[in-house]
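*Asks:* One structure coming up, written as structure tokens, with questions to follow.
The values are calculated or read from the model by the stated rules, or taken from the named source; none is laboratory data. From a predicted model like this one, the values you see are computed outputs, not experimental measurements. Note: ideal-geometry Cβ built from the backbone for every residue, glycine included; neighbour counts use all protein chains shown. Protein only, heavy atoms only, side chains kept; ligands, DNA and RNA dropped before computing areas. Shrake-Rupley method; radii C 1.70, N 1.55, O 1.52, S 1.80 Å.
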Amino acid sequence: MNTRIVLARRPVGWVEESCFAVESCTEPQAGPGDVVVQSIYLSTDPYLRGRMNDGPSYAASFQVGHPIVSRVVARVIDSRHEGFAVGDYVWGFLDWAQRSLVRRGQGLQRIDASLGRVSHAVSVLGMPGLTAWIGVAELGRPVPGETVYISSAEGAVGQLAGQFARRMGARVVGSAGSDDKVAFLRERCGFDAAFNYKARDLDDALREHCPDGIDVYFDNVGGATLEAALRHANVAARFPVCGMISGYNALEDPGIRGLHALLVKRIQMTGFIIYDHVHKLPAYLARVAPWVRRGEVVFHEDIVQGLERAPAALIGMLRGEAIGKRLVQVAPESAA
Ligand SMILES: NC(=O)c1ccc[n+]([C@@H]2O[C@H](COP(=O)([O-])OP(=O)(O)OC[C@H]3O[C@@H](n4cnc5c(N)ncnc54)[C@H](OP(=O)(O)O)[C@@H]3O)[C@@H](O)[C@H]2O)c1
């Protein structure tokens, strides 16, 4: 029997496992032009929390009683579409289900398995990677010798943002929520400095690790961290605003203090959404896939096993229990 994860109720404040339900559903049958896929990896992303709310945003709200949808790496198990063959690896915005019907193959992208691991299509060689690249290369634009500070630095986006900034000659400082994450940043990702924001006063840590001030702040978290970065920013600093996860489960917006720094220090603070940049993915892959293949850029995935554990995996990622990109493995890669 096929199974899927649906939104059982909308969260109020922190998302809980009771917001989800695991239910049986029909086995998909391909009609003319359709494709049936077996899910392999589900991507857990912070923005899924926003989609659990009712109300307008850049991504549509999930509906109560309907499946959670995210980027999913899958394998074609039946195809009546000339563009897809049984055994192809693909990714698409698919239901959190064992198996899915993709009518007319719509939105399904074939994965070039020669580029790297198939899971990379939703991590380093997909959305999180492109997000890090746009934030650093187009908006942060560090020059050699400048200081780049990255919050949630060991996450899917942050670990790459730091490595890209270092390749551009910057001095890179990251913050993360555990000593293990800090060690990962220093030892695996080559960050020049890193600190545990839960164990340090932010101002003390930024004074110590950014003695010449911050030239680029890559914001993944907002809140108190953004306020501290504003206090330590240099004149003409750039602040690419990628995410503000500290507020995603908050009952109300706590606001940001110290915005006068934007004026006094002539800071360019720019929000961006990756949907506006997807056409840049081929150029990104041409540049970055060889770095990954040669091991010049490292990328860590944290893989939880089992579809039924997807709600707990998502909640755990939001709470900071994962190092790197959290995926949920639904079936072996060889599933056919
Ligand atoms: N603009 C776009 O198009 C775009 C695209 C992708 C992602 N994003 C955003 O980029 C950010 C990172 O995404 P990701 O996929 O790479 O997620 P991630 O960093 O892999 O995972 C989220 C991390 O956020 C940290 N966190 C949670 N609450 C926090 C708080 N109050 N203060 C500081 N850190 C907190 C947790 O780590 P700790 O242990 O460090 O707390 C957790 O591991 C998110 O804000 C996301 O919404 C934006």
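*Asks:* Answer rounded, prolate or oblate for region 1-146, using the Cα gyration tensor with square roots of eigenvalues a ≥ b ≥ c: rounded when a/c is under 1.5, else prolate when a/b is larger than b/c, else oblate.
*Replies:* Because a/c hits 1.5 or more and a/b fails to exceed b/c, region 1-146 counts as oblate.
*Asks:* When the chain is fully extended, how far beyond the present Cα-Cα distance does Thr3 get from Ser57, taking 0.36 nm per residue of separation? Could you put the intermediate results ahead of the total?
*Replies:* Numbers: separation 54, 0.36 × 54 = 19.44 nm, distance 2.85 nm.
Result: 16.6 nm gained on full extension.
*Asks:* How about region 2-95: which GluC sites (Glu not before Pro) there are in a DSSP loop, with at most 10 other Cβ atoms within 10 Å of their Cβ? Intermediate values should be presented prior to the final figure.
*Replies:* Working: sites: Glu16, Glu17, Glu23, Glu82; in loops: Glu16, Glu82.
Here the GluC sites (Glu not before Pro) that fit, given the DSSP loop and packing criteria, are Glu82.
*Asks:* Excluding residues fewer than 8 places away in the same chain, name every one of the lysines whose C-alpha is closer than 28 Å to that of Lys280.
*Replies:* Of all the lysines, those that pass the test against Lys280 - Cα under 28 Å, at least 8 places apart if same chain - are Lys325.
*Asks:* For region 121-203, just say rounded, prolate or oblate: build the C-alpha gyration tensor, square-root its eigenvalues into a ≥ b ≥ c, call rounded for a/c under 1.5, and beyond that prolate if a/b exceeds b/c, oblate if not.
*Replies:* It comes out oblate by the Cα gyration axes.
*Asks:* Kindly report the accessible area of region 32-182 per residue (heavy atoms of protein chains, probe 1.4 Å, no ligands, DNA or RNA), in Å².
*Replies:* Values: 5390 Å² over 151 residues.
Heavy-atom SASA per residue in region 32-182 reads 36 Å².
*Asks:* Report the dimensions of region 172-291 along its three principal axes from the alpha-carbon atoms, largest first, rounded to Å.
*Replies:* Computed over region 172-291, the largest-to-smallest principal extents equal 40, 34, 33 Å.
*Asks:* What list of ³J(HN,Hα) values in whole Hz, one per residue of region 32-48 in order, does the Karplus curve 6.51 cos²θ - 1.76 cosθ + 1.60 (θ = phi - 60°) give from phi, with Gly and Pro shown as x?
*Replies:* Along region 32-48, the couplings run x, x, 8, 10, 10, 10, 9, 5, 10, 10, 9, 8, 9, 10, x, 5, 5 Hz.
*Asks:* If R₀ is 45 angstrom, what is the calculated FRET efficiency for the pair His279 and Val12, using the beta carbon separation as r and rounding to 0.05?
*Replies:* The pair His279/Val12 has a calculated efficiency of 0.75.
*Asks:* Considering only protein heavy atoms and a 1.4 Å probe, what is the carbon-and-sulfur percentage of the accessible area of the chain?
*Replies:* 51
*Asks:* If you don't mind, another one. Could you calculate the FRET efficiency of Asp180 with Arg104 from 1/(1 + (r/R0)^6), where r is the beta carbon distance between them and R0 is 41 Å, rounded to 0.05?
*Replies:* Working: r = 45 Å, r/R0 = 1.10.
For R0 = 41 Å, the calculated efficiency reads 0.35.
*Asks:* OK, next. Would you list, by chain and number, the lysines whose Cα falls below 19 Å from the Cα of Lys198, excluding same-chain residues fewer than 8 positions away?
*Replies:* Hits, sequence-local ones excluded: Lys181.
*Asks:* How large is ³J(HN,Hα), in whole Hz, for each residue of region 123-138 in order, when computed from phi with the Karplus curve 6.51 cos²θ - 1.76 cosθ + 1.60 and θ = phi - 60°, using x for Gly and Pro?
*Replies:* Per residue, the Karplus-derived 3J(HN,Hα) values read 9, 5, 9, x, 4, x, x, 4, 4, 4, 5, 4, x, 7, 6, 9 Hz.
*Asks:* How about region 1-54: which trypsin sites (Lys or Arg not before Pro) there lie in a loop by DSSP and see at most 15 other Cβ atoms within 10 Å?
*Replies:* Qualifying residues, ordered by number: Arg9.
*Asks:* Only sites in a loop by DSSP and with at most 13 other Cβ atoms within 10 Å count here; which chymotrypsin sites (Phe, Trp or Tyr not before Pro) in region 1-106 make the cut?
*Replies:* Values: sites: Trp14, Phe20, Tyr41, Tyr47, Tyr58, Phe62, Phe84, Tyr89, Trp91, Phe93, Trp96; in loops: Trp14, Tyr58, Phe62, Phe84, Trp96.
Sites meeting the loop and neighbour criteria: Tyr58.
*Asks:* Leaving out ligands and nucleic acids, and using a 1.4 Å probe, what accessible area per residue does region 221-295 come to in Å²?
*Replies:* Heavy-atom SASA per residue in region 221-295 reads 56 Å².
*Asks:* Also, quick follow-up: What 222 nm value per residue comes from the helices of the chain, counting each DSSP H run with n ≥ 4 as -39,500 (n - 2.57) and dividing by all residues, nearest 500 deg cm²/dmol?
*Replies:* Mean residue ellipticity, 222 nm, calculated: -6500 deg cm²/dmol.
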